[in-house]
Amino acid sequence: MMEKIEVGKINNTHGLRGEMKAISWCDYPEFFEGFSRVWIDHREFELEQVRYQKGGLLLKFKGIDAIEQAEGLKQKMIWAEKREVTDQLEEGRYLISDLIGLPVYEDGRVLGKLKDVLQTGANDVYIVATTSGKELLLPVIDEVVERIDLEQGIYVHLMEGMEEQ
C-alpha cells in the first residue's frame, strides 16, 4: 500500500486561471518538482506547473483552470507519496516521522527512545524518553549523533554535562 505524508498547505488562490499559493513543509520548495501527483482532501491531482514566489509556491494542477475551481482547495493540506519525498532527501537527512520511536544507544547501552524532535533553526534537538522515565535533550550535531540506522536505532555520544533532565 502506498504511504502518503503531508508536504504542505494551499494558502490561497492566485489569479483567475486556477493557480494556487502554497507553502511547503519540505526541506526545500523544489521538492514539489519531484512529485508526480499530490492529494488534497483524498482527491488526486497531477501537478502541471510549480513556480516560486516570495519564499512560497505557486501550484497549477491539471484540470483546475479557473479561480472558482481553486477556491474549494484553499486552506487544505497537500499530501504526497512518502517514497517521492524520501527519494529526494540528501544523504544523512531523515523524515522526523521515521525517527520517532527509534531506540537511542550510547556505548552499547540503551538510553531510551526518541520521543520528539525540536526544530530550533540552528540545529535540531532530539528529545529522548530515557529508560528511567526522564527526558534527555540531545543537539543533533556531529559530536553527539554518531550515526542513524532506521532499522536499529540512533547511536550517540553524550558530551560532558549532558544528562537526564
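None of the figures in this text is laboratory data; all of them are computed from the coordinates on show. Just so it is clear, the structure is predicted and the values come from calculations on it, not from any experiment. So basically every Cβ, Gly included, is an ideal-geometry build from the backbone, and we count neighbours across all protein chains shown.
Report the charge-dipole magnitude of the stretch 104-165 in Debye, nearest 20, computed about the Cα centre from +1 at each Lys and Arg Cβ and -1 at each Asp and Glu Cβ. Don't skip to the answer; put the middle values down first.
Working: 5 positive and 13 negative charges, 52 e Å.
Here the size comes out at about 240 debye.
No solvent, one uniform scatterer per C-alpha: report log10 I(q)/I(0) for the stretch 33-94 via the Debye equation at q = 0.13 1/Å, two decimals.
-0.40
Considering the dipole of the chain built from charges on the beta carbon (Lys and Arg +1, Asp and Glu -1) around the Cα centre, which of VAL140, ASN11, ILE23 is farthest to its positive end?
Result: ASN11, furthest along the dipole toward the positive end.
Quick one: grab Rg to one decimal and Dmax as a whole number for the stretch 1-109, Cα atoms only, in Å.
My reading of the Cα-based Rg and Dmax gives 16.1, 60 Å.
Counting Lys +1, Arg +1, Asp -1, Glu -1, what net charge surrounds GLY55 among other residues with beta carbon under 13 Å of its beta carbon?
Values: positive: LYS21, ARG51, LYS54; negative: GLU30.
Spelling it out: positives minus negatives among the neighbours equals +2.
Tell me the mean residue ellipticity at 222 nm calculated for the chain from its helices only (DSSP H runs of n ≥ 4, each -39500 (n - 2.57), averaged over every residue, nearest 500). Numbers along the way, then the final one.
Details: 3 runs with 14 residues, N = 165.
Counting only the DSSP helices, I get -1500 deg cm²/dmol.
Mind telling me which of GLY112, GLY34, GLY72 comes out most flexible in a GNM of the chain, alpha-carbon contacts under 10 Å?
Of GLY112, GLY34, GLY72, the Gaussian network model singles out GLY72 as fluctuating most.
Suppose every K and R has +1 on its Cβ and every D and E has -1 on its Cβ; what is the size of the dipole of the stretch 32-165 about the Cα centre, in Debye to the nearest 20?
Details: 16 positive and 27 negative charges, 123 e Å.
Rounded to the nearest 20 debye, it is 580 debye.
Give me the distance in nm between label points sitting 7 Å out from Cα along the Cα-to-Cβ direction at GLU48 and GLU90, one decimal.
Here the modelled spin labels are 3.4 nm apart.
Along the charge dipole of the chain, pointing to its positive end and built from +1/-1 on Cβ of Lys, Arg, Asp and Glu, which listed residue (VAL50, GLN69, VAL104) has its Cα farthest out?
The listed residue farthest towards the positive side: GLN69.
Please count, across the chain, the pairs of lysine residues with Cα atoms under 17 Å apart that sit 8 or more places apart or on different chains.
Lysine pairs, 8 or more places apart or on different chains, close enough: 18.
Between LEU58 and THR120, what's the calculated FRET efficiency when r is the beta-carbon distance and R0 is 25 Å? Round to 0.05. Walk me through the intermediate numbers first.
Working: r = 29 Å, r/R0 = 1.18.
Rounded to the nearest 0.05, the efficiency is 0.25.
Under 12 Å from the Cβ of ASP116, count the other residues' Cβ atoms, weight Lys and Arg +1, Asp and Glu -1, and hand me the total. Write out the running numbers ahead of the final one.
Values: positive: LYS113, LYS115; negative: ASP124, GLU135.
Charge balance near ASP116 sits at 0.
Test of understanding: express the Cα radius of gyration of the stretch 28-165 as a ratio to 2.2 N^0.38 Å, with N the residue count. Mind dumping the intermediate values first?
On the way: Rg = 19.7 Å, N = 138, 2.2 N^0.38 = 14.3 Å.
That ratio works out to 1.38.
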